[in-house]
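In what follows, a structure is listed as structure tokens, so that the remarks can point back to it.
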Amino acid sequence: MADDRTMKEERAALAEGQPEETAERSLSEQARVRREKLAKLKAAGKNPFAVVKYDQTHHSLEIKENFERFEGSEVSVAGRIMSFRDIGKAAFIDLQDRDGRIQVYTNADHLGAERYAEVKTWDIGDIIGVRGKVFKTRRGEISVEASSMTLLTKALEPLPEKYHGLKDTEQRYRRRYLDLVMNREVMDTFRKRTKIISSIREYLDTRGFIEVETPILSTIASGAAARPFVTKSNALNLQLYLRIATELYLKRCIVGGMERVYDMGKNFRNEGIDIRHNPEFTMIELYQAYADYNDMMELCENLISYAAVKATGSTKVNYQGTEIDFKAPWRRLTMIDAVKTYGGPDFTLVADDAEAQRLAKELGLEAELKKKLKDCTKGDILNAAFEKFAEEHLIQPTFILDYPTEISPLTKEKPDDPTMTERFEAFVYGREIANAYSELNDPIVQLERFQQQAKERELGDDEAYALDEDFVASLEVGMPPTGGMGIGIDRIVMFLTNAYSIRDVILFPTMKPNE
């Protein structure tokens, strides 16, 4: 009788309508049986975990895409058993490797009766090595006809059943190893993530930028408006912080004469978790001497469109049913004009802080403000109005320019308007993906800005910038005019892989332990 073992049969206890306690007993039974099989193998001197190495010469996709070259040739492939179809004296196995799946055909004549009988005891999820010739079945499926087969790893727990198994989103994140095995689109997402990151490095490296590494542990958490994670050095008996940004160290590199630098790595912010935020995330910050925020805009749009083409083949991507085109040039709009465009007030007509506070109360902006209304400036309230009226409408890539000075403590003022700075943020699908400035390089003004931020902390803004005296000292040595930018890598990957949540593009997102 033919035996067609697939994950469905292996996990029959998980079929719809099956009582949970029965399913758990069935899974425990399967695990027990697998351990018994392992014990028998070890007793026979065939311990699969003792295998040190396997000579894997090719992968599934390479063979399939180049069948004419491989037909009749001997190959050695390795991977996980995903299905096993026994038709008596022969069997077909679906073997899954890093690139996909390839069919393996085997029979007693090629392997010998004893070896073939042993192969038939293998389970879904076991990892095997196969040596044989490439051919095409009568149904036209490219396959490997096995002349030898080796059990490399015994899977002691059954895989989730394909149709009723690993569908719970939280379990997928917790058990990412199973998610990668069962959902090939997840594997594709993370391979594409690697390609995106490589293309960003390639773009910058070929334009004279130097990649550097800045500290993850620091005595001061500054360079961004964010709450840090706190830790302690036992050796130094000192409180330390996980970095929230790399900005101030990279600017020190500019002071030292490096001219073009970037750091791509992890930042840590002790804040909320949602579909756009994870406490541990990947960011790139880059700085270019003798440049300004206009240069950063050009760099931003060209860099991201380059990564899009490298990863997807086009500047156009479909994100959650909406076509996004990253092709340069992107739309440019000042913050004041954005508020007006999307139904908010004209802040050029707002005379002072008091009038802005009255307007904020009328518009119900208190929820968007980070401190009490009476302590807010016109710039604080303009930013809150932007978040309420404009942000969600910025679907296609858009640069929002010219942010208020009081919310941009590391940025140069506009020469013709000291209340505004040469700063932009880039938005896609209503989400910020980049932040950039013409960098403030006046140490006297920088110290004044830090001191103002200290007052903001006293007023209750726990995300206000901390004073970094050594950074101010570095500016006193002299930093040339500089453009700087930070880009959220995870958010770029989300858009280029059509991922709904940031957790879909982070291999192991931050989660509460199972109780």
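No value in this document is a laboratory result; all are computed from the given coordinates. Quantities reported herein were computed from a predicted structural model and do not represent experimental measurements. Every residue, glycine among them, receives a Cβ derived from its backbone with ideal geometry; neighbour counts consider all protein chains shown.
So the values come out like this:
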read-out: From Met182, Met187, residue being without any contact (Cβ under 8 Å) to a residue 24 or more places away in the chain, more than 25 Å from Phe471 (Cα to Cα) and surrounded by 13 or more Cβ atoms within 10 Å (Cβ to Cβ); value: Met182
read-out: Gly313 being of a type in the set (Gly, Ala, Ser) and on the phi < 0 side of the Ramachandran plot; value: no
read-out: Pair list, Cβ < 8 Å and 6+ apart or interchain, from the range 204-220 residues that are free of Cβ contacts under 8 Å to residues at least 24 places away in the same chain and surrounded by 14 or more Cβ atoms within 10 Å (Cβ to Cβ) to residues that are of a type outside the set (Gly, Ala, Ser) and outside any helix (DSSP H, G or I); value: Thr219/Leu238; Thr219/Gln239; Thr219/Leu240; Thr219/Tyr241
read-out: Any pair with Cβ under 7 angstrom, 6 or more apart, that starts in the range 46-65 at a residue that is within 10 Å of Leu152 (Cβ to Cβ) and ends at one that is assigned to a loop (DSSP other than H, G, I, E, B) and among the charged types (D, E, K, R); value: Pro48/Lys154
read-out: Single condition Tyr290 does not satisfy, out of (1) crowded, with 16+ Cβ neighbours inside 10 Å; (2) over 20 Å from the mean Cα position of the chain (by Cα); (3) of a type in the set (Phe, Trp, Tyr); value: (1)
read-out: Residues of the range 354-395 satisfying the condition of being closer than 30 Å to Gln320 by Cα and in contact with a Ser or Thr (Cβ under 9 Å, 6 or more places away or on another chain); value: Phe389, Ala390, His393, Ile395
read-out: Strands (runs of 3 or more DSSP E) lying entirely in the range 387-435 (those with 1 or more residues that are out of contact with any strand residue (DSSP E or B) (no Cβ under 6 Å at 6 or more places or on another chain), hydroxyl-bearing (Ser, Thr, Tyr) and farther than 15 Å from Gly488 by Cβ); value: 417-421
read-out: Top-ranked residue in the range 442-459 [being in contact (Cβ under 8 Å) with a residue 40 or more places away in the chain and polar (S, T, N, Q); ranked as farthest from Ser222 (Cα to Cα)]; value: Gln452
read-out: Inter-residue pairs, beta-carbon under 8 Å, first closer than 16 Å to Tyr54 by Cβ and in the range 146-159, second assigned to a strand (DSSP E or B) and aromatic (Phe, Trp, Tyr), 6+ apart; value: Ala146/Tyr105
read-out: Set Thr421, Thr377: member being surrounded by 16 or more Cβ atoms within 10 Å (Cβ to Cβ) and under 25 Å from Arg331 (Cα atoms); value: Thr421
read-out: Some residue of the range 195-213 being more than 25 Å from Ile492 (Cα to Cα), outside any helix (DSSP H, G or I) and β-branched (Val, Ile, Thr); value: no
read-out: The range 454-466, residues that are surrounded by 19 or more Cβ atoms within 10 Å (Cβ to Cβ) and within 23 Å of Val477 (Cβ to Cβ); value: Tyr465
read-out: Test set (1) surrounded by 16 or more Cβ atoms within 10 Å (Cβ to Cβ); (2) without any contact (Cβ under 8 Å) to a residue 60 or more places away in the chain - Ala311 fails condition number; value: (2)
read-out: The range 395-416 residues that are on the phi > 0 side of the Ramachandran plot, paired with ones that are surrounded by fewer than 22 Cβ atoms within 10 Å (Cβ to Cβ) (beta carbon under 6 Å, 6 or more apart); value: Asp402/Thr334; Asp402/Met420
read-out: Subset of the range 348-367 (residues that are under 16 Å from Lys388 (Cα atoms) and either not basic (Lys, Arg) or not in a helix (DSSP H, G or I) (or both)); value: Ala356, Gln357, Leu359, Ala360, Glu362, Leu363, Gly364, Leu365, Glu366, Ala367
read-out: Scan of the range 23-75 for residues that are among the small types (Gly, Ala, Ser) and in contact with a Gly (Cβ under 7 Å, 6 or more places away or on another chain), ordered by number; value: Ser60
read-out: Options Ile324, Ile304: the member that is of a type outside the set (Phe, Trp, Tyr) and part of a strand (DSSP E or B); value: Ile324
